[in-house]
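This report concerns only the one structure given below.
Computed from the coordinates by the stated procedures, all read-outs in this text should not be read as laboratory data. Please read all numbers here as calculations on a predicted model, not as lab measurements. Here the Cβ positions follow ideal geometry from the backbone for every residue, glycine too, while neighbour counts run over all protein chains shown.
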Amino acid sequence: MGMEHWFYTIPLRVRSLFRRGRVDAELEEELRGHIERQTEENVARGMQPEEGRRAALIAMGGLEQRKQQCREERRVHWIDDLGRDLVYGMRMMRRERGLTAAALLMLALGIGANTAILSADRALLFHRLPYNEPGRLVEIWQKGLSDPSVDRMTVAPANYLDWKIDGQVFEAFAAWKVTTLNLATVNLTTGSLGGDEAPERVLGAAVSTNLLTVLGVEPVLGRGFQAGEDTPGRGSVAILSYGMWQRRFAGRRDVAGATMRANGQTYTIVGVMPEGFRFPIGYLSSEVEIWTPLVLTNVQKASRKDIILEVLARLRPGVSLAQAQGSLSAVAARLARAYPETNRDWGVNIMPLADRGVGEFRGLFGLLSVAVGLVLLIACANVANLLLARGLERQKELTVRAALGAKRSRLIRQLMGEGILLSLCGGLPGIGVGWWGTRLLAWLAPAREMPEMKHAGVDMPVLLVALGLCLLTGVLFSVLPALTLSRASPQGTLQETGRASSGSRRAGRLKAALVTGEVALTLALLLCAGDILNSFYRYMRVDTGFDASHVMTMRVTLPKQKYSSPGEWRTYFSRAVEEIGTIPGVTGAAAGSGAPMDGYGSVLRFHTAGRAAKVSFDERSITESLGITAGYFRVTGIEVLRGRGLLASDTEGKPAVAVVNETFARTQFGDANPVGRRIFLDGDVNESAAAGTTGPPLEIVGVVRDIKEYGLFRTTPQMIYVSMDQDPEASMVLLVKTPGKPEGVVAEIRSRLGRIDADQPVYNVRSLEEVVANENAFFRFYTLLLSVFAVMALLLALIGIYAVMAWAISQRRREFGIRLALGSPPHRILALVLRQAMRMSLIGIAVGVALAWPTIELLTRTVQESMILTLLRTGAVLYPALCAGTGLTLLLACVIPARSAMGADPMEALRCE
Amino acid sequence: MSKPPDLVQGTLDLLILKILALQPLHGWALSQRLKQVSGDVLQVSDGSLYPALHKLEQEGWIEAEWKPSENNRRAKFYTLTRPGRRHLEQEAANWDRLAAAIASVMRLKEV
């Protein structure tokens, strides 16, 4: 059957559907014409006209049946049926407003919550990378062969250059690293471009010149980098993000070729990337806005120790991840043999670029999706119950239809059609709710941990999946009632007087099963949410070890191009602390290389006097180190337990001193007094031990309280505080204590710092309380979501169970009436109801606990892996309380309507037929 | 006299297509033509004719057109379409094969 066939049939179908009256009239005319001619023929043969007509009709064998047969040949009657079912369904929905409203509300909530989580899933887990053929892009890490937890280590330049020689499976390699740029204030009128705004600190990336080619993206204005622009000493060039171009350069087209100053250096802007281009994606708290060529010195290019690069590559078409992994592993093994000293322990790890920043959310959001799916399932069970209840009242109508010849399949189709109509009517506003919910999620989500969430939205794929979910929901909640109700045998139901006295047995069993299932699912969700909520609140009460109130923090990073020596750093920050200290209303000012809990300290190897420096990696021989000024402990409220804190007199030239925390003292010296002991620093932990140079010894002068440096739910690391004066750093946090709200002094601080150097931006301005809140933001967000879904499930289940119980008991009024009239005491009837409720709740609780058990295990493991957070076991109180509460709630939902049924006059109940 | 045998399944379609291949006809004329050509051997009831016609039309094998008939009454004339003609050729070939096969079986003699 070719196209030609459709040419004839499609117009016919369309005509049958939309010109039904005309088509039917033609059919009528055609058959009547036949009868008339046949009658004439018969008359011509000598019959009487009446007789002739009768004979013609008999030959036709029933005019109406023939018409119907002809109509059925049109192949579109199912559409007619569907239309009729929908109209009928609409009428039913209008007639039973209360029930419909309840069902629609529950569906809208369920679909809405699911849509919101779907769009979050899409933003976090299934985003499409804004590059050409992103499926062939991979990132490559160094993998520790001796320590499997080190599976994503950045790459040493010499290794990267050796990998690049491989041309068999990889089309091209590119490398990059994050940089930061302090954009200076530049006046627009002076020729070179730049906003007039305050100096600003932006995130940049130094990238190999072929990066854009590897990604397959062209600049929207100007050009990409050219080979050779990464030669050390050549003038610097830069490419801007679209956002930066609009914000800072007002979208001027003459920006290409203009210069701008950043980090005390002049950059020539060569291009602007298109809107929506982002690189890198994931892990960074804000987006990169400037790309510059990655410049590697010859010393760096030869280094296999400095792991400073992130590497990505494009696979040749058709090459699998496993092939690439195999090929590059062989290269790594060769390098390990050639350079055993540096490369013995390093393999390679190749991952799809699309997985970047996805892994940590996959498990957590998978679980969340299941939770929100359960909410929808509970809504489904409720609606199924409502449909079942309504269906039983419609049993007579269905039976009459069956008696008139409707096939069972036709009845099922009708009932399911009504169900799907209901699900669409609830689901479409539900998707609207979901859109709103997505906005809410994007707003609630911690921007630092989940930067991708701000791109969340209900786009076409989400919309399609949500619509599919709607349809699935409709099928799901209408299939069981439809199967049950369509089974009606004509005699049975028609003989029953009035309403079904106790509903059909099958329907009763289905109803009980649905209620039991709801109890089980709700309880399982409640137990999971209870577990995580309990952990959350217990962690929130943990003492941080410092006083975050009324402290403002802000960071200044001095560019090495302008401030090249440690002496200059010291001078700048000493002056800054001094200036800020004189602001009226400021009660304390200090600087530190990091604020408590902000994660900026450096991690160093060390050894104590009398022990040799360790070469291998060992928890005990590394310490977190912060350089601070004298006021630091006072401003942050960190208590000095032994000896003294750092003093203004611990300056350069004086003996080098350090203050350690409790954990350090306990780990290194046990109960002995650490004051007066000496430690030796052996360099940064990320550099090989051989590279570190052991500096002069530090004398421990005091011990301070432990603080929760790595977050509320992590153990405190060993920490030392050294004097900023004796070991200056270029990037410091300024901490300012005020008597009242600390936000008020920020403007004044900015202007005072501007007096020292107007080109240096102040960034990361936030109160210490915000730093602490940020630290728990993701955990808080996750706990909130899970709890909200559990509460939704509980409410839905409560409403649903109450409604179905109230209905079931109202159906039994007659039975109760008879029992009461026959002398049964009311409490016996109540006991009857209770017994049934008890059975449902006990089975529900048992199944719920059985479901919750492995789920909580999974949740605990997922949270551990993704948030590095150990959930606290809820123990013996919360679980039984939640189980008992759920059971009691169900009993109440049964007893309340039962009691009201008891109160009725038995005679009235009997008469109400 | 025994009842004439029912038409073999699908044969009515074949007959209709074959007759329409000769000339466009309306329903009544077609029924007269059927009786005329097949005599009393194949009795096609007027009742089964119209559903069959409508089915063939919906399949796209024939198309219909309202035209004035011989005595100036409006009637629905059916014409074979091009796909219908191809279909007829196929079916006719099938029929020939079937008939030949059955005939050859019937020619077998008891020994």
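In the structure shown, the pairs A:LYS177/A:LYS560; A:LYS562/A:LYS741; B:LYS35/B:LYS55; A:LYS67/B:LYS18; A:LYS164/A:LYS560; A:LYS164/A:LYS454 are assessed against 26 Å; a Cα-Cα span above that value is assigned to A:LYS562/A:LYS741; A:LYS164/A:LYS560; A:LYS164/A:LYS454.
Distance between the modelled labels on A:ARG541 and A:LYS396, one decimal in nanometres: 6.1 nm (7 Å Cα→Cβ projection). The H on the amide N of A:ARG223, modeled in the peptide plane, is under 5 Å from the matching H of A:GLY271, A:VAL272, each at least 5 residues off or on a different chain.
For the stretch A:65-172, the alpha carbon convex hull comes to 287 Å³ per residue, rounded to a whole number.
Measuring how big the protein assembly as shown is from its alpha-carbon positions, Rg and Dmax come out at 41.7, 140 Å. Around the Cα centre of the protein assembly as shown, unit charges on the Cβ atoms of Lys, Arg, Asp and Glu (plus for the first two, minus for the last two) sum to a dipole of about 3040 debye.
Counting every alpha-carbon pair across the stretch A:716-792, the share separated by more than 16 Å comes to 70%.
Taking 2.2 N^0.38 Å as the expected size of a compact globular protein, what ratio does the Cα radius of gyration of the stretch A:666-817 give against it, to two decimals? So the Cα radius of gyration is 1.95 times the expected 2.2 N^0.38 Å. In the protein assembly as shown, a dipole from Cβ-located charges (positive for Lys and Arg, negative for Asp and Glu) runs towards its positive end, and of A:TYR131, A:THR623, A:GLY112 it is A:GLY112 whose Cα lies farthest in that direction.
Expressed as a whole percent, the proportion of Cα-Cα pairs in the stretch A:332-402 lying more than 21 Å apart is 67%.
Taking a Cβ cut-off of under 14 Å around A:ARG666, the surrounding Lys, Arg, Asp and Glu residues balance to a net charge of 0, with basic ones at +1 and acidic ones at -1. For the stretch A:535-573, the residues whose amide N sits under 11 Å from a probe point set 7 Å from the Cα of A:THR587 along the beta carbon direction are A:549-551.
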